[in-house]
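Asks: Here you go, one structure.
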Amino acid sequence: MELDVQDIVAWIEKSNENIQANKEYLTTLDQEIGDGDHGINMARGFQEAAAKIAEQTYTSSADVLKDTAMTLMSKVGGASGPLFGTAFLKLSTAANGMDPISYETFTNGLEEAVNGLKQRGKATEGEKTLVDVWSQMMNYFKHETDFHAETIAEKAKKAMEDTKDMMATKGRAAYFKERSVGSIDPGSASSFYIFQALADIVER
Ligand code: ADP
Ligand code: MG
Ligand code: MG
């Protein structure tokens, strides 16, 4: 299957819904190993992104993804804004002139997103950050040839849960050292909601 502009719009809307519905949970996670603002940061950013997208009629998926990226970068305070902004900006670049987006194009975008996240966060896999979810999803997408809703959601959940046993070495959670073990990384939980939203979109 392919993703058209309306699918991408629906993806951002659904991501926003998931994040609003889990705002308190994201806050709780960030209270455990951070400063407790992740739910507020993400809820604000995605609310603004969804509102911006609802204002316009788009003919290009890349424009939807770019407006999302720019909004997240400017409206989300904290480390996660520029990071999620980078991920969506890389997806936008990969999607440029590629409507509708094929599975291969989306996978290429994910690969660029992971590279961008690693560069911006100076982080790699296993450091208990959102890189862990995006990287595992990229690897999973590379092994498949088409979107499978159920597996996308399952893999993202597993990737998020895998961060629980890790010790944070990047971001605020790194200050907690060994005490960061046993909590799910907040940014990985947000990333799970974004991939869960994607799974919902490809299921339709
Ligand atoms: P802040 O830590 O500035 O309060 P948030 O609470 O919104 O920002 O976001 C925290 C999340 O950002 C973490 O859970 C982690 O997934 C991600 N993060 C933080 N620092 C980095 C980094 N250097 N590289 C990758 N991801 C990071
Ligand atoms: Mg925080
Ligand atoms: Mg903060």
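Asks: So which residues in segment 146-156 are part of a helix (DSSP H, G or I), closer than 24 Å to L72 by Cβ and away from ligand 1 (no atom under 16 Å from the Cβ)?
Replies: Within segment 146-156, the first condition is being part of a helix (DSSP H, G or I), and the residues that meet it are 149-156.
With closer than 24 Å to L72 by Cβ added as a condition, the list becomes 152-153, 155-156.
Once the filter is applied, which keeps residues that are part of a helix (DSSP H, G or I), closer than 24 Å to L72 by Cβ and away from ligand 1 (no atom under 16 Å from the Cβ), segment 146-156 yields I152, A153, K155.
Asks: Only residues that are part of a helix (DSSP H, G or I), under 14 Å from L3 (Cα atoms) and touching a residue at least 12 places away in the same chain (Cβ under 8 Å): list them for segment 78-107, please. Write out each step before concluding.
Replies: Looking only at segment 78-107, we keep the residues that are part of a helix (DSSP H, G or I), and these are 80-95, 103-107.
When the remaining residues are screened for being under 14 Å from L3 (Cα atoms), the result is 91-92, 94-95, 103-107.
Listed by number, the residues that qualify are L91, S92, A94, A95, Y103, F106, T107.
Asks: While we're on this one: Answer yes if at least one residue in segment 138-145 is among the hydroxyl-bearing types (S, T, Y), at pLDDT 95 or above, under 24 Å from G85 (Cβ atoms) and within 13 Å of ligand 1 (Cβ to nearest atom), and no otherwise. Outline the logic, then answer.
Replies: Restricting attention to segment 138-145, the residues satisfying the condition of being among the hydroxyl-bearing types (S, T, Y) are 140, 145.
If we keep only those that are at pLDDT 95 or above as well, we get 140, 145.
Those still in the list that are under 24 Å from G85 (Cβ atoms) too: 140.
Of the ones still in play, those that are also within 13 Å of ligand 1 (Cβ to nearest atom) are none.
Looking through segment 138-145, none of the residues is among the hydroxyl-bearing types (S, T, Y), at pLDDT 95 or above, under 24 Å from G85 (Cβ atoms) and within 13 Å of ligand 1 (Cβ to nearest atom).
Asks: Another question about this same structure. For segment 192-204, which residues satisfy the criterion of being more than 17 Å from the chain's Cα centre (by Cα) and not in a loop (DSSP other than H, G, I, E, B)?
Replies: Restricting attention to segment 192-204, the residues satisfying the condition of being more than 17 Å from the chain's Cα centre (by Cα) are 203-204.
Answer for segment 192-204, where residues must be more than 17 Å from the chain's Cα centre (by Cα) and not in a loop (DSSP other than H, G, I, E, B): just E203.
Asks: Can you tell me which of S15, S74 is under 13 Å from the mean Cα position of the chain (by Cα) and away from ligand 2 (no atom under 16 Å from the Cβ)?
Replies: Numbers: S74 fails: under 13 Å from the mean Cα position of the chain (by Cα).
Being under 13 Å from the mean Cα position of the chain (by Cα) and away from ligand 2 (no atom under 16 Å from the Cβ) holds for just one of S15, S74, which is S15.
Matching residues to (1) aromatic (F, W, Y); (2) touching a residue at least 40 places away in the same chain (Cβ under 8 Å):
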{"position": "N139", "(1), (2)": "no, no"}
{"position": "K158", "(1), (2)": "no, no"}
{"position": "M166", "(1), (2)": "no, yes"}
{"position": "Y175", "(1), (2)": "yes, no"}
{"position": "R179", "(1), (2)": "no, yes"}
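Asks: Something else about it: Out of segment 23-74, which residues are outside any helix (DSSP H, G or I) and under 29 Å from D99 (Cβ atoms)? Steps first, answer last, please.
Replies: Kept after step one, since they are outside any helix (DSSP H, G or I), are these residues of segment 23-74: 34-37, 55-60.
Once the filter is applied, which keeps residues that are outside any helix (DSSP H, G or I) and under 29 Å from D99 (Cβ atoms), segment 23-74 yields E55, Q56, T57, Y58, T59, S60.
Asks: Do the conditions hold for T57, that is, is it among the β-branched types (V, I, T), away from ligand 2 (no atom under 16 Å from the Cβ) and in contact (Cβ under 8 Å) with a residue 24 or more places away in the chain?
Replies: Values: among the β-branched types (V, I, T): yes; away from ligand 2 (no atom under 16 Å from the Cβ): yes; in contact (Cβ under 8 Å) with a residue 24 or more places away in the chain: no.
No.
Asks: I'm trying to understand the selection: among the residues of segment 27-60, which are closer than 23 Å to D7 by Cβ, among the β-branched types (V, I, T) and buried (at least 17 other Cβ atoms within 10 Å of the Cβ)?
Replies: I53
Asks: Out of A123, A173, A159, A189, which single residue is under 23 Å from A43 (Cα atoms), small (G, A, S) and either part of a loop (DSSP other than H, G, I, E, B) or away from ligand 2 (no atom under 16 Å from the Cβ) (or both)?
Replies: Values: A123 fails: under 23 Å from A43 (Cα atoms); A173 fails: either part of a loop (DSSP other than H, G, I, E, B) or away from ligand 2 (no atom under 16 Å from the Cβ) (or both); A189 fails: either part of a loop (DSSP other than H, G, I, E, B) or away from ligand 2 (no atom under 16 Å from the Cβ) (or both).
From the options A123, A173, A159, A189, the qualifying one is A159.
Asks: May I pose another question? When residues of segment 3-12 are filtered for being over 14 Å from the mean Cα position of the chain (by Cα) and assigned to a helix (DSSP H, G or I), how many remain? Before the answer, list the steps.
Replies: Here is the first cut: in segment 3-12, the ones over 14 Å from the mean Cα position of the chain (by Cα) are 3-7, 9-10.
Going one step further and asking which of them are assigned to a helix (DSSP H, G or I), we end up with 5-7, 9-10.
Count: 5.
Asks: So which residues in segment 100-140 are surrounded by fewer than 18 Cβ atoms within 10 Å (Cβ to Cβ) and touching a Ser or Thr at 6+ places or on another chain (Cβ under 7 Å)?
Replies: Answer for segment 100-140, where residues must be surrounded by fewer than 18 Cβ atoms within 10 Å (Cβ to Cβ) and touching a Ser or Thr at 6+ places or on another chain (Cβ under 7 Å): Y103, R120, E125.
Asks: Taking R179 and the conditions (1) surrounded by 21 or more Cβ atoms within 10 Å (Cβ to Cβ); (2) in a helix (DSSP H, G or I), which numbered condition does it fall short on, given that it satisfies the others?
Replies: For R179, the exception is condition (1).
Asks: Okay, moving on. Considering K122, K90, K128, K118, which residue is on the phi < 0 side of the Ramachandran plot and near ligand 1 (Cβ under 9 Å from one of its atoms)?
Replies: On the way: K122 fails: on the phi < 0 side of the Ramachandran plot; K90 fails: near ligand 1 (Cβ under 9 Å from one of its atoms); K128 fails: on the phi < 0 side of the Ramachandran plot.
Result of the check over K122, K90, K128, K118: K118.
The values are calculated or read from the model by the stated rules, or taken from the named source; none is laboratory data. Being a predicted model, the structure only gives us computed values, none of them experimental. Virtual Cβ from ideal backbone geometry, glycine too; neighbours counted across all protein chains shown.
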